[in-house]
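Each value in this text was obtained by applying a stated rule to the coordinates, not by laboratory testing. Quick caveat: nothing in here was measured; it's all calculated off a predicted structure. Ideal geometry is used to build each Cβ from the backbone, glycine not excepted, and the neighbour counts take in all protein chains shown.
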Amino acid sequence: MQLTVHDAAKILDLSEKTIYRWVKEGKLPAYKVNDQYRFNRAELLEWATARRINVSPEIFAEPEGATGSVFTFADALRSGGVFYRVGGIDKPSVLKSVVEIMPLPEEVDRDFLLKVLLARESLGSTAIGDGIAIPHVRNPIVLHIPRPMVALCFLEQPIDFGAMDGQLVKTLFTLVSPTIRGHLSLLSKLAFALRDNEFHSAVTRQASRQELLDAAARVDQGLTSNSPQVSTEPSSPAAGG
């Protein structure tokens, strides 16, 4: 879904003047179409998540005419699974381990998925800071899976993912989805979850599977509330720019 400057301003809760300024300064990813700036919904969410910038609940709105079953973040985490002491000595070997252990149907080409994830990393690190990375595909591929899933993997040893804060990555959230709509929704829900203090704490402590699922369920309850802004911590708009 391509967003206008007006859309981006509403989602980031900023003035359109600020959006134009950040684009001209190269701080905000944008495209020029017929002399008008346009924003990719997934890229905008990635950008805001990596910089801990507040996002409006409108980012969770589904595109008009969207159809399909509703899933929760806890559903996606339960489907993808929680894994501990995942092996690997570098980014390619870690991602290979993740793809191998994910509970994917037999018809999914795991080698192809790995290549796509590695290609995405070559465009820019999916590390968002605090030792966390979110391997996924910027332009989602449709996989033959029944529902969106996120696999939470705690690594056996921290890996350099090229994070902006310089921290080694020890936790991966890998996203896969049967639809582009599901991918965007899952990415939005994960961004919200990582701003939830209780869920973030459970991840940092590498809590038990049940504790993590319980925390994810509480995140889902927060997603249904009418909070004015999707964030639990303030941040500097220019951070990481």
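The charge dipole of region 2-55, taken about its Cα centre with unit charges on the Cβ of Lys, Arg, Asp and Glu (plus for the first two, minus for the last two), comes to roughly 120 debye. Fully extending the segment from Q36 to S93 would add 16.4 nm, taking 0.36 nm per residue of separation and subtracting the current Cα-Cα distance. Highest average first, the peptides 125-132, 160-167, 185-192 ordered by how many other beta carbon atoms sit within 10 Å of their residues are 185-192, 125-132, 160-167. Taking the Cα atoms of region 81-175, the ratio Rg/Rh between the radius of gyration and the Kirkwood radius comes to 0.94.
Take the Cα of F112, step 7 Å toward its Cβ, do the same at R85, and the gap between the two points is 3.4 nm.
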